[in-house]
1. Going by the structure shown, is A:Q178 within 21 Å of B:F333 (Cβ to Cβ), surrounded by 24 or more Cβ atoms within 10 Å (Cβ to Cβ) and touching a residue at least 12 places away in the same chain (Cβ under 8 Å)?
2. Taking the condition of being out of contact with any Gly (no Cβ under 7 Å at 6 or more places or on another chain) and either touching a residue at least 60 places away in the same chain (Cβ under 8 Å) or in a loop (DSSP other than H, G, I, E, B) (or both), how many residues in the stretch A:325-334 meet it?
3. Identify, please: which residue in the stretch A:313-324 is outside any strand (DSSP E or B) and at the interface with chain B (Cβ under 7 Å from one of its Cβ atoms) and is, among those, surrounded by the fewest Cβ atoms within 10 Å (Cβ to Cβ)?
4. Inspect the stretch B:255-277 for any residue being within 13 Å of chain A (Cβ to nearest Cβ) and over 30 Å from B:Q300 (Cα atoms) and give the result as yes or no.
5. Does B:L248 satisfy the criteria of being closer than 23 Å to B:Q300 by Cβ, within 7 Å of another protein chain (Cβ to nearest Cβ) and of a type outside the set (D, E, K, R)?
6. Residues being over 19 Å from B:Y162 (Cβ atoms) and surrounded by 16 or more Cβ atoms within 10 Å (Cβ to Cβ): count how many of those fall in the stretch A:252-275.
7. Scan the stretch A:158-168 and give yes if some residue there is of a type outside the set (D, E, K, R), at the interface with another protein chain (Cβ under 7 Å from one of its Cβ atoms) and closer than 26 Å to B:A49 by Cα, otherwise no.
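The values are calculated or read from the model by the stated rules, or taken from the named source; none is laboratory data. Since we're looking at a predicted model, the values are computed, not measured. So basically every Cβ, Gly included, is an ideal-geometry build from the backbone, and we count neighbours across all protein chains shown.
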Number of protein chains: 2
Amino acid sequence: MPGPLDGIKVIELTAVVLGPWACQMLADMGADVIKIEAPYGDSNRSLGAVRNTPGMSALYLTCNRNKRSLVLDLKKPEGRDALLKLVESADVLIHNNRPQVMDKLKINYEDLKSVNPKLIYCGSYGYGKDGPYGDKGALDDSIQAVSGIAMLNKLVLGEPRYLPTIVCDKTTAMTVVQGVVAALFHRERTGQGQEIEVPMYETMVHYIMAEHLWGYTFDPPIGEPGYTRLMSHHRKPYPTKDGYIAILPYLDAHWETFCKLADREELLEEPRFKTLADRVANIDDTYQETGKTMLMKTTQEWMDIFGKTSVPTIVVNSLEDLVHDEHLNAVGFWQTIDHPTEGKLRTPAFPIKFSESPADIRRHAPVLGEHSVEILKEAGLDDAMIDAMIEGGATKVA
Amino acid sequence: MPGPLDGIKVIELTAVVLGPWACQMLADMGADVIKIEAPYGDSNRSLGAVRNTPGMSALYLTCNRNKRSLVLDLKKPEGRDALLKLVESADVLIHNNRPQVMDKLKINYEDLKSVNPKLIYCGSYGYGKDGPYGDKGALDDSIQAVSGIAMLNKLVLGEPRYLPTIVCDKTTAMTVVQGVVAALFHRERTGQGQEIEVPMYETMVHYIMAEHLWGYTFDPPIGEPGYTRLMSHHRKPYPTKDGYIAILPYLDAHWETFCKLADREELLEEPRFKTLADRVANIDDTYQETGKTMLMKTTQEWMDIFGKTSVPTIVVNSLEDLVHDEHLNAVGFWQTIDHPTEGKLRTPAFPIKFSESPADIRRHAPVLGEHSVEILKEAGLDDAMIDAMIEGGATKVA
């Protein structure tokens, strides 16, 4: 059974993580993704550990499975012409250049719409093109700064800091997938192609304000923005005698079970902790008392006591632990790829389980230009034209 | 022009943030979302500031616009019967109960498929139901602990900590939207309904490993997991003379512009910083030198110098700053809702800009049971049946 996007052809003009990871998710769901790179290749090809082949780094391998690779120099007329040929039969084009770059290359929406009116054209970049920040460049860290994320950390840590994951690139990538698939659905029903814009800044303020708008939900505001519980100093995994544990006696029933089984029944009498509302009003004290308790036994002892109760209780995994985790291994989360040039690789399964149209891993992450000839032929170019393109540097083969 | 999901009916059986925010995104894109709540209502109705009506808190208002509210007690036969009637004409049902709860209520996929074989049935909860953690409860913090996120913070801060945003709830919500829309597309092409499972744990390990799998991409590993740059101690917005700034002279051209305009040309001679590869190899030093430089002028002075260059440079906004931001205001990001009971409200626009099927805000977040009668009538129940349900407590009206 093929994935839900089986039969959809996506042209990818992106680099680093946002675009490549978005396109990989579409590819995992069955789309035929043609990754188009300049002759020097996606810059993430050199980010992270490399085993065999330069340009086949860890970060590249993790964001580019299930795709085919075509090299095109879009600044050369033959390169641009080949792109237009491909667009004729494509369903979707995704880029993450600033709009000004696409105008200059003469491949903005209007240019490509005239070749294929049913195309879904999706651009993702720092800031909405019609606003005053519309021509600014952006990286994940920039968007963490401008969207309020770094300053959330100031409330916790005393200084603004970026989160240790590229949350803006990846959340925007997921938004790209959402927009593209919704536009495909719309086209299926109406026949209409369209242009989609997914700006990182707007995407991340929408994301961060889902819970943090708080008092500013009201106009005029009735209090500060910020879901205060999340910035509590004591909100963290608790140290045990020999490690850490995540235990969250949240609801009243959880709290009662917690106090009884942890031998802290005196806490049940405390007015500060009586009801969920009391505990939320005294959240730092609640977390602190829970933390004090956890120091009394080892992680395994606490897992034995609480692991089978309804109190959410779970181990605190490091990145290394994840590859050995019994649940992930039992559900087949870690998949193995025998890559023709890079050898045996580990890759996470696509996380959505579809009963009738399962996602799958059909192709290894390609070497730069691995499918240039094959794809150009599919687009209708003959051998002489392809040879001339290779000769003139408009394409490149692996 | 209606949104891309116009005409799609979604039944929401969810609470708190994950499910409600996912369903709100579907509603923003045009779906008719019927939020079904137990008589006591979604627990997030009491989380955050309240202005006029109990049960209409900030967090509820932010995650539930564009929906209609129906109260059903699914433990009562009349409540369950009414749900089955609604399922007959629904396209999608989304729940975030553990699968065991849905079995007990006799509304698991097999039960509802027999009523409507074209239904898309999506469950989202802590852990994939077929794995050893499959019956565990989970909250956002639990998943931050088990998926490696909290331990990433240990590498930066010396102790595991949760991020100050409910990243697992919200990322899983986006994955739910992705899965549901992909399944709608698949159904449009094939006529097939299906069951979808979106487990938070698997979703977050897939998310976090997009960049952090690193040396563990290879089997056997060729180094540690973890994209080390992200855990650098000096990776943060830089203090200026009077505030903070986010400046990221990343590429070689950026670095050259940075050193020249910041009057630090001596850094251009430093072997540690010569090329992008050198700077990445000495990332902590690079960030530290950039940071030292930024102390020399005010934020506005630096914005005047770098704001128009290609070096990504941007202000560091607090949550409060975001409602005054000139870009967000110019693009119409902040929208105003005149809520019939709660007064004037602020809400973020949906971030994806569709040229032909724009998202919009058509309905205010409903009071509990506001549409109970209207929806039950649409499902074919007559006045006597509805009155009996109200009488017996199987539904409730606002």
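1. Details: within 21 Å of B:F333 (Cβ to Cβ): yes; surrounded by 24 or more Cβ atoms within 10 Å (Cβ to Cβ): yes; touching a residue at least 12 places away in the same chain (Cβ under 8 Å): no.
In short, no.
2. Initial filter on the stretch A:325-334 (out of contact with any Gly (no Cβ under 7 Å at 6 or more places or on another chain)): A:325-326, A:328-329, A:332-334.
When the remaining residues are screened for being either touching a residue at least 60 places away in the same chain (Cβ under 8 Å) or in a loop (DSSP other than H, G, I, E, B) (or both), the result is A:325, A:332-333.
Here the count works out to 3.
3. Applying the first criterion (outside any strand (DSSP E or B)) to the stretch A:313-324 yields A:315-324.
Imposing the further condition that a residue be at the interface with chain B (Cβ under 7 Å from one of its Cβ atoms) reduces the set to A:315-320, A:322-323.
Working: A:V315: 20, A:V316: 26, A:N317: 24, A:S318: 17, A:L319: 23, A:E320: 14, A:L322: 24, A:V323: 20.
Ranking the candidates gives A:E320 first.
4. Yes, the conditions are met somewhere in the stretch B:255-277.
5. Numbers: closer than 23 Å to B:Q300 by Cβ: yes; within 7 Å of another protein chain (Cβ to nearest Cβ): yes; of a type outside the set (D, E, K, R): yes.
Taking the combined requirement at face value, the residue satisfies it.
6. Our first condition is that a residue be over 19 Å from B:Y162 (Cβ atoms); within the stretch A:252-275, this holds for A:252-253, A:255-257, A:259-275.
Next cut, surrounded by 16 or more Cβ atoms within 10 Å (Cβ to Cβ) only: A:255, A:257, A:259, A:262, A:264, A:267, A:270, A:273.
Residues that pass the stated criteria total 8.
7. For the stretch A:158-168, residues of a type outside the set (D, E, K, R), at the interface with another protein chain (Cβ under 7 Å from one of its Cβ atoms) and closer than 26 Å to B:A49 by Cα: present.
Conditions (1) in a helix (DSSP H, G or I); (2) basic (K, R); (3) within 23 Å of A:M25 (Cβ to Cβ), marked per residue:
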| position | (1), (2), (3) |
| --- | --- |
| A:A82 | yes, no, no |
| A:L93 | no, no, yes |
| A:D103 | yes, no, no |
| A:S124 | no, no, yes |
| A:G131 | no, no, no |
| A:G137 | no, no, no |
| A:M151 | yes, no, no |
| A:L155 | yes, no, no |
| A:T171 | yes, no, yes |
